[in-house]
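Only one structure is covered here, and it is reproduced in the block below.
The values are calculated or read from the model by the stated rules, or taken from the named source; none is laboratory data. The structure displayed is predicted, hence computed values, not measured ones. Positions of Cβ are backbone-derived with ideal geometry, glycine not excepted, and every protein chain shown enters the neighbour counts. With ligands, DNA and RNA removed, areas are computed over all heavy atoms of the protein, side chains included. Shrake-Rupley method; radii C 1.70, N 1.55, O 1.52, S 1.80 Å.
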Amino acid sequence: MTKLTIDGIETEVEAGATILQAAESVGVEIPRFCYHERLQIAGNCRMCLVEVEKSPKPVASCAMPVAEGMVVRTTTPAVQKARKGVMEFLLINHPLDCPICDQGGECDLQDQAMAYGFDRSRYAEGKRAVKDKDFGPLIKTWMTRCIHCTRCIRFMTEVAGVPELGATSRGENMEVTTYVEKALSSELSGNIIDLCPVGALTSRPYAFLARPWELRKTDSIDVHDAVGAAIRIDARGGAVMRVLPRTNDDVNEEWLGDKSRFANDGLKRQRLDRPYLREGGRLRPAGWGEVFAAIASRLKGLPGSAIAAIAGDLADCESMTALKDLMGRLGSANLDCRQDGAKIDAAVRAGYLFNPTIAGIEQADALLLVGTDPRREAPLLNARIRKGWVRNGLPIAVIGPNANLTYGVQDLGNDSGVLAEIAAGRHPFAAVLKNAQRPMLVIGQGALTRPDGAAVLAMARQAALSLGVVKDGWNGFGMLHYAAGRVGGLDLGFLPGPGGRDVAGIQDAARAGEIKVVWLLGADELDMGGFGDAFVIYQGHHGDHGAHRADVVLPGAAYTEKNATYVNTEGRVQRTRMAVTPPGEAREDWKIVRALSETLDQALPYDTIEQLRERMKAVNPVFGAADRIDPAAWGAFGAAGAVAPGGFESPIANYYMTDPISRASKTMAECTAVFVRGQEGKTGTHG
């Protein structure tokens, strides 16, 4: 530890800390533009100048490490003069167009100009103009405003791992650019909007829609993947205007994936805002009483074996609990939350969780990825893996399709036989895992959706045990999910009961006429032609695949429109908050199930969300504590058996369209055209 004095306050900080970090630890604010605590130090804006005793001139506090006995002053006349000078230089070429700038009201330059700048300019010459760049459908540029802080360059290079931004020329001719004009191809590119301290980089979809003081802000969590990133939903009236990340060091730090940030315009399109009933081959609007009566008529006299329910990727825990209870009262054991058919064994919780935790990735010293493409399935988790690779030299090997994961990997090929060799200790990378102190093995859904997925899972468990991935004080076995509702469904046991059928069995029985009624709770990622002549009830918020097949449509609420519980891939119980009300006659999903249960004379025993959450706790105690991870007990899972040769495929081909919300988004459609279809037919290109 190093002792120093800052503005008369004695403090002690870790050796190697900078003056700026030491000042923050004692509550002394130092202005800055280029410095960011999660990026490497650049030291090029000079706004953070301070006086250090015995130093002949002011020093940049962001780049100067502390020294024993150092005396720092941050508010002397010399410091104030230096800051005013820096601010005046920054504003020489800045266009000063705050009234029409999207960053107005949230601009670091604007705020610090008020605190440290002059009230007039001494610069009379013409200002510099810089041509705007085309960074794609997500980032709007106004490069004349750029102050060359290089935050965007450092983020894209260091965190995103896609070094497409850089600086050309020098002096007043310097420009931040992509060298060759192209769209930024990272799934994390939207974060440079938050990082930009001026209005040079802003959100293209949000441009000129609202000012920050007009918006109602609601803390929530994201459900476009299974990471559960902390977000803030900004709404005006009944519309979600934008989604921004909140800081949560255990999950997403302060970053957010582009789909989670920009797909919110899909919340306005193709919405189900009233019940529908199919008549004469076409869906027509109907009243709640009418559709409930139609469902009751279909269910009347049916045995439980002729009824089934499938929960989709965005289903919340409250609605799954209510639907499971209703199915139980109807005598049905045909339930499943694994609409992709993944052979997940829910008997042991540690067998389907990301046990090392997302933050724990930084502690790992060897990593094997099996049947997963984390860049598409969980970009924020992929950024954590890259962080470990950059900072700790984390050795990473991949069994699966070749993909650009933004970090160096050892490609072991795409064949299940490689996993068998590693499990048996015959492969060279087995020694790397065995000799590591904290090795990790991450298995993705692409390895589990094969017909022999249960055997692959058992083999991965065997490898984890034999190579020390699971040991006292460390569980490095992680299953990476991509569906926000999956872990919650597994925790609640939304799975086939005794004698019940899974998704494939439900569809086979429906085609054979054995299952007469199928309830789809937001389940859209299915072959809708596989239900034969069954009566299909679709409950969801978008007119997607399920609604097109349905005989009855029950309009539900999206994640921004309800107070709901989700469990992320590491087993963390999290809750969304209602930011806007559901449109039209749409209702929260659990309330729909509860209301229908009365029509069916099977009234569920809860009338409030608090009572329903007590029921969830009774089903599984993990729902008793939000935002906490309790280590799960290890046990036997999977089904030992023969593993067929062949490779694994990631379940996500298009990152930008994975659910009804993103498929309805115009912005995501533009991203698909640029980043997915624009790459088709090109060799050696991934992303």
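Relative contact order of region 25-160, please, whole-number percent, based on alpha carbon pairs below 8 angstrom and at least 6 residues apart. Numbers along the way, then the final one.
Details: 143 pairs, mean separation 33.5, N = 136.
Relative contact order comes out at 25 percent.
Using only alpha carbon pairs under 8 Å that are at least six residues apart, calculate the relative contact order of region 82-181 and give it in whole percent. Before the final figure, lay out the partial values.
Numbers: 92 pairs, mean separation 22.5, N = 100.
Relative contact order for region 82-181 comes out at 22 percent.
Among rounded, prolate and oblate, which fits region 558-687 when a ≥ b ≥ c are the square roots of the eigenvalues of its C-alpha gyration tensor, a/c under 1.5 means rounded, and a/b larger than b/c means prolate? Please report the intermediate quantities before stating the final value.
Details: a/c = 2.28, a/b = 1.35, b/c = 1.69.
Oblate is the answer for region 558-687, as a/c is 1.5 or above yet b/c matches or exceeds a/b.
Working from Cα pairs under 8 Å separated by at least six residues, relative contact order for the chain is 15 percent.
3J(HN,Hα) couplings calculated from phi for region 317-323 with the Karplus curve 6.51 cos²θ - 1.76 cosθ + 1.60 (θ = phi - 60°) are, in sequence order, 5, 4, 5, 5, 4, 5, 5 Hz; Gly and Pro show x. Database remark: amide H of HIS542 closer than 5 angstrom to the amide H of LEU272 (H placed geometrically; neighbours at sequence offset of 5 or more, or on other chains; Pro and chain starts carry no H).
Is there a quick way to get the dipole size of region 99-209? I mean about its Cα centre, with the Cβ of Lys and Arg at +1 and of Asp and Glu at -1; what is the value in debye to the nearest 20?
Details: 13 positive and 15 negative charges, 68 e Å.
The calculation lands at about 320 debye.
If only the Cβ of Lys and Arg carry +1 and only the Cβ of Asp and Glu carry -1, the dipole of the chain around its Cα centre is close to 820 debye. On the chain, 50 percent of the accessible area sits on carbon and sulfur atoms, based on a 1.4 Å probe. Shown here for region 171-249: chymotrypsin sites (Phe, Trp or Tyr not before Pro) in loop regions (DSSP other than H, G, I, E, B) with at most 13 other Cβ atoms within 10 Å, namely TYR179, PHE208. Cα to Cα, under 19 Å, and not fewer than 8 places away if on the same chain: which aspartates and glutamates meet these conditions relative to LYS131? Within the straight-line limit of under 19 Å, LYS131 reaches these aspartates and glutamates: ASP97, ASP102, GLU164, GLU172, GLU175, GLU181.
What you get for region 216-273, charging only the Cβ of Lys and Arg (+1) and of Asp and Glu (-1), is a dipole of about 500 debye around the Cα centre. Mind checking which of MET668, THR560, LEU526 is farthest towards the positive end of region 514-671's charge dipole, using Cβ charges of +1 (Lys, Arg) and -1 (Asp, Glu) about the Cα centre? Farthest towards the positive pole: THR560.
If you count only protein heavy atoms with a 1.4 Å probe, what accessible area per residue comes out for region 1-159, rounded to a whole Å²?
Numbers: 7980 Å² over 159 residues.
Roughly 50 Å² per residue, with all protein chains present.
Remark: region 465-472, residue by residue, has Karplus-estimated 3J(HN,Hα) of 6, 6, 9, x, 5, 10, 8, 4 Hz, where x stands for each Gly or Pro and the curve is 6.51 cos²θ - 1.76 cosθ + 1.60 at θ = phi - 60°. Oblate is the label for region 65-196, because a/c, from the alpha-carbon gyration tensor with a ≥ b ≥ c as root eigenvalues, is 1.5 or above and a/b does not exceed b/c.
Across region 191-208, coupling constants 3J(HN,Hα) worked out from phi with the 6.51/-1.76/1.60 Karplus curve, θ = phi - 60°, read 5, 6, 5, 5, 6, 5, x, 10, x, 6, 10, 10, 7, 5, x, 8, 3, 6 Hz, and Gly and Pro carry x.
Straight-line cross-link partners of LYS54 among the lysines, defined as a Cα under 21 Å from its Cα and at least 8 positions apart when in the same chain: LYS3, LYS81. Students often get this wrong, so check it: of LYS268/LYS591; LYS84/LYS217; LYS127/LYS182, which have C-alpha atoms separated by over 30 Å? Among LYS268/LYS591; LYS84/LYS217; LYS127/LYS182, the Cα-Cα distance tops 30 Å for LYS84/LYS217. Using the Cβ of VAL50 as centre and a radius below 15 Å, the other residues enclosed give a net charge of +3, where K and R count +1 and D and E count -1.
For region 255-279 and region 601-653, compute the distance between their C-alpha centroids and round to whole Å. First find each Cα centre; the distance between them is then 25 Å. Using only the Cα atoms of region 491-589, build the gyration tensor, take square roots of its eigenvalues as a ≥ b ≥ c, and label the shape rounded, prolate or oblate: rounded if a/c is under 1.5, else prolate if a/b is larger than b/c, else oblate. Judged from the Cα gyration tensor, region 491-589 comes out oblate (a/c at least 1.5, b/c at or above a/b).
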